[in-house]
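Participant: If you scroll down you'll find the structure; I have some questions about it.
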Amino acid sequence: MGTVYDTIVLGLGGMGSATAAALAQRGRRVLGLEQYTPAHTLGSSHGESRIIRQAYFEGTDYVPLLLEAYELWAQIEHDQHQRGALLQITGGLLIGAQDSQIITGSLHSARTHGIAHHLLAPDDLRRRYPMFQPQQPLYALYEPHGGVLNPEQCIRTYLQHAQQHGADLHFSEAVQEWQVAADGSSVRVTTERGSYTAETLVIGAGAWSGAVLAELQLPLVVERQVMFWVQPQGDVQQFRVPHFPFFIAELEPGLEPYGFPIIGDPAGGVKVSLFYNGTPCTPATLNRTATASEFDALRPTFAALLPELDGTVLRAVTCMYTCTPDHHFVVGLHPHHPNVSIAAGFSGHGFKFCSVIGAILADLAHTGSTSRPLGLFDPMRFRAG
């Protein structure tokens, strides 16, 4: 008989790698299963950069989790001697009309939780950040503690941490099925290589969650997203930190371009994309070939905000959002199996939470509960009645 684990973690992307690390550090016997290679580019946690911020326009309930996430990112950087390699503070701009959700929501979260911020009037935005020349009067909330995470390095670091604390991590091993014992005492996971048993299971399958959790009929929609790196016109240095923070702009409801400062090679370009502008797909049907010509439809949107981004596209990369109808996450215990925890539907804004979601999932797997409130993320909130 093979090893009987305390917990099996299905999926070792952002959430799964953080969970495996948190459990292993607690002395739990952990098996992590990943169908691809470490920090692969076939899911949702790649592309060199992800935004992290605190004045959260998506809702004030997220802010306590974000504050803890910052602490936990700093902790893993310290533990793995990766100071500054995972999270770089760049500052951030949340841009929109004075009555837009991005401004009103960010202000509400900042004021409710005492988050440092500065509100810039339209003229102040243009004067302080002259690369922004919007064609309409837009305000900006500047968040000095906003920053950028390197998702691939974050995942590699968590995986290393997990292994250093005794976790068994299997890569290029696809899961075929999982089953809970009739008496609920254990979980068996079958892969293409074998079968494994554990007391508890954590499912963090990303864009594959709909299939892995098919019995729950979660209303998850996978979208194809494309990230572009654009060579700006004019002086490239003005698009580097500290001159250029990350930005998210709400130009009109449903039209939200965002972008990052150039980090690393100045010739690498400015990374930009659009929230919730993707086409529905599945991991199997996703067209993974992205072309520079796809930026042409978005070019007027970015040029109207940052004229110097009407430049050459250096490269384009696809990824996937897995979205819920309300764009809130799905995190909690499986409604039918209390020894199975699930994390899904991170809806394009979840990576920044990996550090704290990993701790939450470790709580659920280890003790069956967590001190953090999860009502907003209830897996069964979509069920009729």
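The values are calculated or read from the model by the stated rules, or taken from the named source; none is laboratory data. Being a predicted model, the structure only gives us computed values, none of them experimental. Every residue, glycine among them, receives a Cβ derived from its backbone with ideal geometry; neighbour counts consider all protein chains shown.
Participant: Can you name the condition, by its number, that Val221 falls short on among (1) out of contact with any Cys (no Cβ under 8 Å at 6 or more places or on another chain); (2) of a type in the set (A, V, I, L, M, F, W, C); (3) under 23 Å from Glu294 (Cα atoms)?
Facilitator: (1)
Participant: Given the structure, is Ala344 touching a residue at least 40 places away in the same chain (Cβ under 8 Å) and farther than 30 Å from Leu138 by Cβ?
Facilitator: It is true that Ala344 is touching a residue at least 40 places away in the same chain (Cβ under 8 Å) and farther than 30 Å from Leu138 by Cβ.
Participant: When region 341-385 is examined, which residues are found to be aromatic (Phe, Trp, Tyr) and within 16 Å of Thr19 (Cα to Cα)?
Facilitator: From region 341-385, those aromatic (Phe, Trp, Tyr) are 346, 351, 353, 377, 382; that's our starting set.
Selection gives Phe346, Phe351, Phe353.
Participant: Can you name every residue in region 263-290 that is closer than 16 Å to Phe302 by Cα and more than 19 Å from the chain's Cα centre (by Cα)?
Facilitator: Gly269, Val270
Participant: Shifting gears a bit: Pairs under 6 Å by beta carbon, first residue of a type outside the set (Ser, Thr, Tyr) in region 62-74, partner modelled with pLDDT under 95, six or more apart or different chains?
Facilitator: none
Participant: Please state which one of Ser369, Ser355 is among the small types (Gly, Ala, Ser), assigned to a helix (DSSP H, G or I) and either outside the structural domain of Ala74 (by TED's automatic domain parsing) or free of Cβ contacts under 8 Å to residues at least 60 places away in the same chain (or both).
Facilitator: Numbers: Ser369 fails: assigned to a helix (DSSP H, G or I).
Only one candidate qualifies: Ser355.
Participant: Go through (1) out of contact with any Asp or Glu (no Cβ under 9 Å at 6 or more places or on another chain); (2) part of a loop (DSSP other than H, G, I, E, B); (3) among the β-branched types (Val, Ile, Thr) for Thr104 and report which single condition fails.
Facilitator: (2)
Participant: Check region 346-360 and report whether any residue there is closer than 20 Å to Tyr321 by Cβ, in contact with a Cys (Cβ under 6 Å, 6 or more places away or on another chain) and crowded, with 20+ Cβ neighbours inside 10 Å.
Facilitator: So far as region 346-360 goes, yes, one or more of its residues are closer than 20 Å to Tyr321 by Cβ, in contact with a Cys (Cβ under 6 Å, 6 or more places away or on another chain) and crowded, with 20+ Cβ neighbours inside 10 Å.
Participant: Going by the conditions given, is Gly375 without any contact (Cβ under 8 Å) to a residue 40 or more places away in the chain and more than 21 Å from the chain's Cα centre (by Cα)?
Facilitator: For Gly375, the condition - without any contact (Cβ under 8 Å) to a residue 40 or more places away in the chain and more than 21 Å from the chain's Cα centre (by Cα) - is not met.
Participant: Which condition from (1) within 25 Å of Glu71 (Cβ to Cβ); (2) touching a Leu at 6+ places or on another chain (Cβ under 6 Å) is the one that Val340 breaks?
Facilitator: Unmet condition: (1).
Participant: Still on this model: Considering only residues that are at pLDDT 95 or above and not hydrophobic (A, V, I, L, M, F, W, C), which ones fall in region 83-106? Before the answer, list the steps.
Facilitator: Of the residues in region 83-106, the ones at pLDDT 95 or above are 85-106.
Within region 83-106, Gln88, Thr90, Gly91, Gly92, Gly96, Gln98, Asp99, Ser100, Gln101, Thr104, Gly105, Ser106 meet the criteria.
Participant: Considering region 265-289 alone, what residues qualify as being under 29 Å from Ile102 (Cα atoms) and of a type outside the set (Phe, Trp, Tyr)? Spell out how you get there, then give the answer.
Facilitator: Of the residues in region 265-289, the ones under 29 Å from Ile102 (Cα atoms) are 268-281.
Across region 265-289, the qualifying residues are Gly268, Gly269, Val270, Lys271, Val272, Ser273, Leu274, Asn277, Gly278, Thr279, Pro280, Cys281.
Participant: Sticking with this structure for a sec: For region 1-80, which strands (runs of 3 or more DSSP E) that fit wholly inside it have 2 or more residues that are outside the structural domain of Val226 (by TED's automatic domain parsing) and over 15 Å from the mean Cα position of the chain (by Cα)?
Facilitator: The strands (runs of 3 or more DSSP E) meeting that bar are 4-10, 30-33.
Participant: All but one of (1) touching a residue at least 40 places away in the same chain (Cβ under 8 Å); (2) more than 19 Å from Tyr258 (Cβ to Cβ) hold for Gly84; state the number of the condition that does not hold.
Facilitator: Failing condition for Gly84: (1).
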